[in-house]
Amino acid sequence: MIHMKNVSKVYSNGTEALKNVTLNIERGEFVFIVGSSGAGKSTFLKLLIHEETATFGKIKVNGFDLMKIKKHKVPYLRRTMGIVFQDFRLIEKMNVYDNIAFAMRAIGAPEKLVRRRVKYVIAVVGLKGKEKRRPSELSGGEQQRVSLARALVNNPEMIIADEPTGNIDPKMSFEIMQRLVDINKNGTTVIIVTHELDIVRSFGGRVIRIDGGEIVEDKIIQPSLSPDEQPTTVLPSPDDDENKKEETKE
Amino acid sequence: MKMKFNSSGYLVKEGLKNIWINRMMSLASIIVLVSCLIITGAAILISVNVNSLIASIGEGNQIKVFLDYELSDIDSIKLGAEIKKVENVQECRYYPKEEGIKEYKDRLGNLYESLQGEKNPLGNAYIVKLKDLSDYKDTIDQINKIKGVSSISDRGDIARTLTKLNAFVSVVGFWVVLILGVVTLFIISNSIKMTMYSRRFEISIMKSVGATNNFIRIPFIIEAMTIGLISGAIASAVLILAYNPIKNTAGQMITLISTSAIPLSAIWVNIIAGFCGAGVLIGALGGYISITKYLHKEGGDIIGW
């Protein structure tokens, strides 16, 4: 999934954002990347989506060798991952449905598949009935769910969430995290960048702490939530298998 | 997820939608483009018509020798033989006054009759073609000396002036077309740049979900091509509507223009095809240049990351 070996990133102004980072994240893992501001978290994410190129080392993400990847192959790398942004990044002139469908249309998906798949992910994130709403007519939590649905709609191997709870209230944060855990339980790798340690402690998982561009801690912590509080899986639906089969065909 | 590329309809729709969404900018671009295309088209049409005028006058080495009005037919034939003897004369064709008056009547129509009545004021003439234009003056002098020659209508000067004028119009036309072409390209690419700027957020999201540069580019190119096509259609309509009135007005001032000007029926298809084609081509090029430049620079990044 993600293999980094001795990766360093030095920006043109001389800032060494990542120093000799080595790590492996395997398929199906649930990983938190934590660290203070300026620790190197954003650079780490930028390297993953090839927004930036590492100065030294080796990086392989979802089968793509990012040190050798050609420019025209970058979109195909990005199609293997879904990104959830802290500020949601929704297009105001589009309603919920079109915001989600936009991610599929942007990669040339046939309209028939768009209709089926968007309907499915809207149900997954619990926004059924709100398809026609504009982003400004939704709460912060709902907007983040739209953003999550957009990240999910292309059925990525990996979800990268950059501070997904940063702009929403605690109750909604909990709900968004539950969705991410559910998505992970269905086999999708989830990488969450956050500085909210309460969230990390509540849900548990692998926690990688970055400080000063270096990995200073990499451990698995148990969730502090009781089994009753553990999220339930909402992803499987009668349509799910059918969707996956048809996508494979196409 | 591997997606089948089946989105041409979506891309075209997006391109057309952009025109409406950015309608004020599109309208401004169309107005400026139409102006540029009209000026360019006018320069081309003037050049083409001057060429036609020159062709109607002849190659410049042809003169008309009018005979005395009273000269008998036999004397006229003798005079023709005399003209043929002049060294620099290549060809000498008899041009009877009936033919001459018919030509005038055809050109002037009712106007001629109202001025002249039924009387033919012309004499018989010869149309003489010269071998060498450098001996033009000497040859004219020699023919003038032949008894029975009344006057010589010499349109060579006009032809030479028009040839110079045409060369001038061609050079000016070339630069006008070139400069306005560049201006048009600049306008259309600027218009697309504005559209891109207003949609940079969407482009950024498209990049983050894995849209290829081509996929991002196509709607903008379609938008630019459509603006070019609309501008070309409007400009050609304006020129077609204005052509005949301008031709008629110019024809009233200079009779020759009314007979030599290219009729609209012969060129309207070319005008439409040329203008729409040029509009689409400039649009495609302008759109491609600006979106490619944008995607290679700031548009290549995901905003805010």
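Side notes on the structure shown:
- Pairs of Cα atoms nearer than 8 Å and 6+ residues apart set the relative contact order; for chain A it is 25 percent.
- Bridgeable lysines around A:Lys70 (alpha carbons under 26 Å apart, same-chain partners fewer than 8 residues away excluded): A:Lys5, A:Lys9, A:Lys19, A:Lys41, A:Lys46, A:Lys58, A:Lys60, B:Lys2, B:Lys4, B:Lys207, B:Lys293, B:Lys297.
- Bridging of B:Lys78 to lysines at a Cα separation below 30 Å is possible for B:Lys64, B:Lys97, B:Lys102, B:Lys105, B:Lys119, B:Lys129, B:Lys131, B:Lys137, B:Lys145, B:Lys147, once same-chain residues fewer than 8 apart are set aside.
- For the residue pairs A:Lys132/B:Lys193; A:Lys128/B:Lys17; A:Lys112/A:Lys132, the alpha carbons lie more than 23 Å apart in A:Lys132/B:Lys193; A:Lys128/B:Lys17.
- Taking label positions 7 Å along the Cα-Cβ direction at both B:Thr292 and B:Gln252, the computed distance is 5.1 nm, reported to one decimal.
- Furthest towards positive pole of dipole, B:Leu130, B:Ala273, A:Ile208, structure part the protein assembly as shown, Cβ charges: A:Ile208
- Under conditions of 37 °C and 0.692 mPa s, the protein assembly as shown yields 110 µm² s⁻¹ as its translational diffusion coefficient, taking Rh as the Kirkwood radius over Cα pairs in the Stokes-Einstein equation.
- Least to most buried among B:Ile282, A:Ile221, B:Ile267, A:Ile159 (fewest other Cβ within 10 Å first): A:Ile221, B:Ile267, A:Ile159, B:Ile282
- Shielding score for A:97-108, defined as the mean number of other chain Cβ atoms within 10 Å: 5
- Of the beta bridges in the protein assembly as shown, as assigned by DSSP with both residues counted there, near 65 percent are antiparallel.
- Axis angle, to the nearest 10 degrees, between helix A:140-152 and the longest C-alpha principal axis of chain A: 80 degrees.
- Helix A:238-249 vs. chain A, principal-axis angle (Cα, 0 to 90°, nearest 10): 60 degrees
- Take each peptide in A:11-17, B:82-88, A:207-213, count the other Cβ atoms within 10 Å of every residue, and average; sorted highest first, the result is A:207-213, B:82-88, A:11-17.
- DSSP-defined antiparallel bridges as percent of all bridges, chain A, nearest 5: 55 percent
Any read-out appearing in this document is the output of simple, stated calculations on the displayed coordinates, not a laboratory observation. On a predicted model such as this, the values are computed, not experimentally measured, just so you know. A quick note on method: Cβ atoms are made from the backbone with ideal geometry, for glycine too, and the neighbour counts reach across all protein chains shown.
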